[in-house]
Each structure stands twice: as C-alpha cells, then as structure tokens.
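Read through the structure below, which is laid out as structure tokens, and then see the notes.
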Amino acid sequence: MGLPGTHVNLFLLAGVATAPLFMEDFRLAMITNLTQAGYTVSVSELLYPYGDWSRRLLRQLHELRHDLWTARSRPLRSIGGNRAADMIKACGDKGWPLLIGHSGGGVAAVQAASILAANAADHAEKPIRVVQIGSPKCPIPSWLHNSWMYAEAIRDNGRSSDPVTWLGNQRVWQRSSGGLPIWRQSVPAANLAQLRLPLVGGHPDYFRAGSSYLNKQGSTNLEITVQAVTNWLYST
C-alpha cells in the first residue's frame with residue numbers, strides 16, 4: 001500500500017495516570033528513525049486523552065471503561081477518542097497522522113482514527129496509521145486493518161508479560177447471512193501486524209532504554225519497540 005506521503009504528523013497517546021514525559025524518549029527515537037528514512041515530521045505531540053498522573057485516577061479509569069465497553073461499537077462517542085481527535089485536528093493537516101498509543105491510549109488512538117475518518121468523504125482521503133502498544137484490545141474497523149499494528153511484551157518463554165493486553169477483546173456482534181447475531185473477531189486471524197516483542201519487564205517498560213532493560217541480543221526495550229514500529233510502517 002505504501003505510506004501516504006513524506007510529511008508525518010506524529011502523535012503519542014498515553015494511557016491513564018501517566019507521567020508527563022513517559023513517552024518522550026520514544027517520541028525522539030521515532031523522529032530520528034523517520035527523519036533518517038527521508039520523512040519530514042511536521043508535527044510531534046505527546047497527548048493525554050485521559051489526563052496525566054495529576055488527574056484523579058478513578059475518573060480516568062471510569063472514562064477508559066466507558067471507551068472499552070460502552071463506546072466499543074460506537075467509537076464516535078468515545079471520551080478519550082474525541083479528546084485526542086480534537087487535539088489532532090487543532091494541529092492542522094501538515095502531514096498524514098501517525099497515532100501511537102500505549103495502554104489505554106491505544107484504545108483512544110483507534111477510536112480517534114474512526115472519528116477523524118468520519119469527517120472525510122472516504123477513508124482514502126484521510127490516510128491514518130495507528131499503533132497500539134501494550135493496550136487493552138478493542139474492535140478494529142475493517143477499513144483500518146491494513147493500517148494498524150498491535151504489539152505486546154513477552155518473556156523469554158514466549159508468554160505474555162503484560163496483563164493489560166489481556167483486557168478487552170477485538171470481537172464485535174455481526175449478522176450472519178441468515179440474519180442471526182454472531183460474536184466475531186473484528187481482525188482476520190491472518191493479520192500479520194499483531195506482534196509479540198521479547199522485552200525485559202512488562203507493561204510500563206516498552207520505552208525503557210537503561211542497561212537494566214537489555215535483552216540477550218544486547219538491544220534495549222526502546223530499541224526493540226522503535227524498530228518493530230518502523231519496520232511495520234515501511235512494510236505497509
């Protein structure tokens with residue numbers, strides 16, 4: 001399919017109760033990789049669709065729960081998705097949007113993509129790429145299947161080390177040919193953009209770059225995560 005153009009609007013969406021600069025090293029590393037590959041990062045922003053750690057945690061969790069369940073089949077009603085979409089629209093259309101969300105921010109990223117695309121005559125007019133990292137699972141609209149990536153951390157034994165990725169699901173109610181409701185996966189089983197990353201640690205550690213987060217091959221968690229995202233981007 002190819003990337004939509006050489007100008008990128010990069011948005012990093014944090015989850016609930018996140019430290020203000022939690023994704024900053026990842027943002028800088030993504031800018032470096034994209035620039036080295038010949039892309040111009042026109043906009044680069046850290047977004048907090050549910051607020052940072054200075055906002056009441058229970059309120060943030062309530063909003064995320066709403067977006068995981070109440071808004072799962074109606075993403076245009078998403079609380080975090082609408083906040084993120086408003087922030088993204090305020091930055092203008094200098095480039096195509098790349099939304100990368102961690103934890104609950106990944107749910108907001110998928111739902112913000114639906115909100116942004118709903119304003120276009122067709123989805124081709126609003127090229128969007130969405131990456132979920134360590135996120136609860138949520139339905140993925142069919143038009144986004146080829147422009148979406150999901151990553152979760154695993155241990156050396158291949159088992160998941162991120163319990164947040166066990167939350168939610170990608171299933172939706174659909175009608176069968178006979179008109180009966182069926183509980184189906186929203187993403188084809190053959191989708192290759194669902195990656196398992198061999199990292200040290202778990203949910204809060206995808207973007208760690210210290211010596212305590214080196215794997216057996218000598219790569220830090222940050223390097224592994226950045227490489228996985230950029231490899232996927234250039235293959236789309």
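The values are calculated or read from the model by the stated rules, or taken from the named source; none is laboratory data. Source: prediction; values computed, not measured. All Cβ positions, even for glycine, are placed from backbone atoms using ideal geometry, and neighbour counts span all protein chains on display. The area values use the complete protein model at the heavy-atom level, side chains included, leaving out ligands, DNA and RNA. Shrake-Rupley method; radii C 1.70, N 1.55, O 1.52, S 1.80 Å.
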For the pair residue 19 and residue 65, the simple spin-label estimate (label points 7 Å beyond Cα toward Cβ) gives in nm 2.8 nm
Can you tell me the length gained on complete extension of the stretch residue 93 to residue 53, counting 0.36 nm per residue apart and subtracting the Cα distance? 11.4 nm
Add +1 for every Lys or Arg and -1 for every Asp or Glu among the other residues with Cβ under 11 Å from the Cβ of residue 207, and state the total. -2
Considering only protein heavy atoms, with the full assembly of protein chains and a 1.4 angstrom probe, order 225, 40, 70 by accessible area, largest first. 70, 40, 225
Counting DSSP beta bridges with both ends in the chain, the antiparallel % (nearest 5): 20 percent
Built amide H within the under 5 Å cut-off of residue 137, gap 5+: 167, 168, 169
Could you work out the helix-only [θ] at 222 nm for the chain, with each DSSP H run of four or more residues adding -39,500 (n - 2.57) and the total divided by the number of residues, to the nearest 500 deg cm²/dmol? -8500 deg cm²/dmol
Add +1 for every Lys or Arg and -1 for every Asp or Glu among the other residues with Cβ under 9 Å from the Cβ of residue 108, and state the total. 0
Highest mean first, how do 203-216, 4-17 rank when packing is the count of other Cβ atoms within 10 Å averaged over residues? 4-17, 203-216
Within region 59-156: Cβ-based charge dipole about Cα centre, in debye rounded to nearest 20 (Lys, Arg +1; Asp, Glu -1): 240 debye
For residue 197, what residues show an amide H to amide H distance below 5 Å, using hydrogens built from the backbone and excluding near sequence neighbours? 152, 153, 154
